[in-house]
Amino acid sequence: MDFEAASDLYRRSIKPNLFRLDPELAHDLAHKGMPFLKQLVSMGLIRGYLPPARLHCRLFEDQLAAPVGLAAGFDKNGALLDSVDALGFSFVEVGSITARPSCGNPRPRLFRLPGDEAVINFMGLNGLGAEAVAARLKAASPNLPYGVNIAKTNDPGLTGDKAVEDILFSFRAIRDLKTAYVAVNVSCPNTQEEITAIGKELATVLSEIAKLNQRSLPILIKLSPDADDRLLQELLSVSSAGGVKGFVCGNTSMDRSALVNSKDELASINRGGMSGRPLKRRALDLVRRVYALKEASQMIIACGGISSGDDAFEFIQEGADLLQIYTSLIYQGPFVASIVNRRLNEILEQQGLKLNEVRGVKIKVAD
Ligand SMILES: Cc1cc2nc3c(=O)[nH]c(=O)nc-3n(C[C@H](O)[C@H](O)[C@H](O)COP(=O)(O)O)c2cc1C
């Protein structure tokens with residue numbers, strides 16, 4: 001069967017059963033199922049999508065088959081680097097990793113909102129800790145390029161110099177790895193401090209990282225779609241002064257106004273960041289604003305509510321170089337990246353355009 005038939009099977013038969021389970025248990029099962037899916041693809045029992053040259057692009061030093069990567073949070077500890085290529089992802093952002101290992105916030109902290117194809121998570125940066133993840137990545141033989149997302153340990157007591165030192169600890173742990181880039185997460189809404197947790201110290205973080213960054217790893221900043229224009233301008237000017245090579249746009253949002261079919265579920269969910277389809281408008285807006293403010297050489301990895309090739313095309317038109325997906329993996333199934341790539345190629349083919357001819361340029365697409 002091809003990946004589209006497999007996706008259909010997922011939506012009709014597997015998803016309804018997975019959705020009966022606790023979301024975190026379903027997530028753990030999905031992790032365990034990845035190597036099995038890889039095997040099915042390797043044996044030719046599921047035919048993947050081979051992106052044509054039109055979709056080839058670059059992630060700094062690496063050539064990518066297509067622009068779609070797996071967003072941070074799905075592979076927090078770097079366990080899936082040898083399997084997700086079979087699903088059609090061209091790169092992975094591992095993490096967020098934090099200096100100290102952490103169990104994250106108390107459960108329940110992950111909620112599905114199927115009526116809106118959204119998720120709210122209040123995970124709180126759970127993970128094995130920077131040193132353990134670095135050891136795992138060092139021993140791995142990844143099939144595709146990866147970036148590492150570093151965040152401050154979720155501890156409100158860590159402020160000022162201590163916060164800076166905490167981030168630097170993670171950078172030191174990973175700076176010798178074969179990582180394509182390092183994303184500094186200044187936008188996690190799921191800690192006590194919310195989106196400005198490390199923002200205030202960003203200038204210091206970047207200048208200290210520059211001293212440690214002997215291999216000149218590209219540094220990216222992961223931004224929040226909730227950042228207002230002033231905060232965004234500040235973060236971008238500090239980033240440019242600090243030699244930042246690009247932006248991940250962006251993280252989950254605290255704004256729930258775009259959720260229209262989930263009122264009942266929302267009543268029982270306290271804090272948490274929203275992702276998935278209703279995030280798309282905000283994420284697009286973030287890409288548009290960052291594209292207008294950034295330096296020409298800085299890249300944008302767009303992320304937030306991307307679930308189709310048409311979405312991908314829209315984000316590229318707003319200025320995205322590359323794309324990332326998390327939540328639509330839950331709703332569309334494991335081959336969503338291939339589905340996005342195939343449709344994106346179709347759109348580009350219809351228009352007779354290459355990827356880099358679309359970036360930042362508005363073109364109307366026929367169905
Ligand atoms: C359960 C879950 C955990 C996440 N964990 C992280 C994380 O550790 N670090 C991070 O930068 N983003 C994290 N994210 C945010 C995603 O990387 C992405 O920015 C966001 O979900 C928007 O993309 P999407 O709509 O395709 O899901 C997480 C998202 C979800 C749903």
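The values are calculated or read from the model by the stated rules, or taken from the named source; none is laboratory data. Keep in mind that this is a model prediction, so the values were computed, not measured. When we count neighbours, we look across all protein chains shown, and the Cβ atoms used for this are built from the backbone with ideal geometry, even at glycine.
Residues in the stretch 283-293: is at least one part of a strand (DSSP E or B), out of contact with any helix residue (DSSP H, G or I) (no Cβ under 8 Å at 6 or more places or on another chain) and either at pLDDT 95 or above or within 16 Å of the ligand (Cβ to nearest atom) (or both)?
The answer is no, given that none of the residues of the stretch 283-293 is part of a strand (DSSP E or B), out of contact with any helix residue (DSSP H, G or I) (no Cβ under 8 Å at 6 or more places or on another chain) and either at pLDDT 95 or above or within 16 Å of the ligand (Cβ to nearest atom) (or both).
Would you check if there is a residue in the stretch 237-246 being within 23 Å of residue 316 (Cβ to Cβ) and part of a helix (DSSP H, G or I)?
Yes, the stretch 237-246 contains a residue that is within 23 Å of residue 316 (Cβ to Cβ) and part of a helix (DSSP H, G or I).
Which residue is farthest from residue 326 (Cα to Cα), if the candidates are limited to the stretch 27-42 and must be out of contact with any Lys or Arg (no Cβ under 9 Å at 6 or more places or on another chain) and of a type in the set (A, V, I, L, M, F, W, C)?
40
Which one is nearest to residue 229 (Cα to Cα) among residues in the stretch 294-314 that are assigned to a loop (DSSP other than H, G, I, E, B) and near the ligand (Cβ under 10 Å from one of its atoms)?
304
When you look at residue 328, is it part of a helix (DSSP H, G or I) and out of contact with any Lys or Arg (no Cβ under 8 Å at 6 or more places or on another chain), yes or no?
Spelling it out, it is not the case that residue 328 is part of a helix (DSSP H, G or I) and out of contact with any Lys or Arg (no Cβ under 8 Å at 6 or more places or on another chain).
Checking residue 270 against (1) within 14 Å of the ligand (Cβ to nearest atom); (2) in contact (Cβ under 8 Å) with a residue 60 or more places away in the chain, which test does it fail?
Among (1) within 14 Å of the ligand (Cβ to nearest atom); (2) in contact (Cβ under 8 Å) with a residue 60 or more places away in the chain, residue 270 violates only (1).
For the stretch 1-46, give me each residue that is of a type in the set (Asp, Glu), in contact (Cβ under 8 Å) with a residue 60 or more places away in the chain and under 15 Å from residue 88 (Cα atoms).
4
Give the residue that is farthest from residue 294 (Cα to Cα), with candidates limited to residues of the stretch 229-258 that are small (Gly, Ala, Ser) and away from the ligand (no atom under 13 Å from the Cβ).
Within the stretch 229-258, the match that is farthest from residue 294 (Cα to Cα) is 257.
For the stretch 43-86, what are the residues that are over 23 Å from residue 321 (Cβ atoms), in contact with a His (Cβ under 9 Å, 6 or more places away or on another chain) and polar (S, T, N, Q)?
none
When you go through 86, 130 one by one, which is the residue that is within 19 Å of the chain's Cα centre (by Cα) and under 30 Å from residue 2 (Cα atoms)?
Answer to the check: 86.
List the number of the failed condition for residue 93; all other conditions in (1) near the ligand (Cβ under 10 Å from one of its atoms); (2) out of contact with any Ser or Thr (no Cβ under 9 Å at 6 or more places or on another chain); (3) assigned to a loop (DSSP other than H, G, I, E, B) hold.
Of everything listed in (1) near the ligand (Cβ under 10 Å from one of its atoms); (2) out of contact with any Ser or Thr (no Cβ under 9 Å at 6 or more places or on another chain); (3) assigned to a loop (DSSP other than H, G, I, E, B), residue 93 misses just condition (3).
Which pairs have Cβ atoms under 6 Å, sit 6 or more apart or on different chains, and link a residue in the stretch 222-241 that is of a type outside the set (D, E, K, R) to one that is away from the ligand (no atom under 15 Å from the Cβ) and in a loop (DSSP other than H, G, I, E, B)?
Taking only residues 6 or more apart or on different chains, the pairs are 240/295.
Of the residues that make up the stretch 84-97, is at least one buried (at least 23 other Cβ atoms within 10 Å of the Cβ) and of a type in the set (D, E, K, R)?
Yes.
Report, by residue number, each residue of the stretch 124-154 that is buried (at least 23 other Cβ atoms within 10 Å of the Cβ), within 9 Å of the ligand (Cβ to nearest atom) and part of a loop (DSSP other than H, G, I, E, B).
Listed by number, the residues that qualify are 125, 151.
Those residues that are among the aliphatic types (A, V, I, L, M) and within 24 Å of residue 6 (Cα to Cα), I need them from the stretch 293-337; list them, please.
Scanning the stretch 293-337 gives 306, 312, 323, 325, 329, 330, 336, 337.
Of all residues in the stretch 265-277, count the ones that are under 18 Å from residue 187 (Cα atoms) and either part of a helix (DSSP H, G or I) or out of contact with any helix residue (DSSP H, G or I) (no Cβ under 6 Å at 6 or more places or on another chain) (or both).
4
Just give me the residues in the stretch 311-339 being touching an Asp or Glu at 6+ places or on another chain (Cβ under 9 Å) and of a type in the set (D, E, K, R), in sequence order.
318
One residue is enough: does the stretch 62-76 have a residue meeting the conditions in contact with a Gly (Cβ under 7 Å, 6 or more places away or on another chain), within 16 Å of residue 145 (Cα to Cα), among the small types (Gly, Ala, Ser) and surrounded by 15 or more Cβ atoms within 10 Å (Cβ to Cβ)?
yes
From the list 283, 296, which one is without any contact (Cβ under 8 Å) to a residue 40 or more places away in the chain, of a type in the set (A, V, I, L, M) and over 24 Å from residue 25 (Cα atoms)?
So the residue among 283, 296 that is without any contact (Cβ under 8 Å) to a residue 40 or more places away in the chain, of a type in the set (A, V, I, L, M) and over 24 Å from residue 25 (Cα atoms) is 296.
Given the criteria more than 11 Å from the ligand (Cβ to nearest atom), surrounded by 23 or more Cβ atoms within 10 Å (Cβ to Cβ) and over 29 Å from residue 254 (Cα atoms), does residue 81 qualify?
Criteria not met by residue 81.
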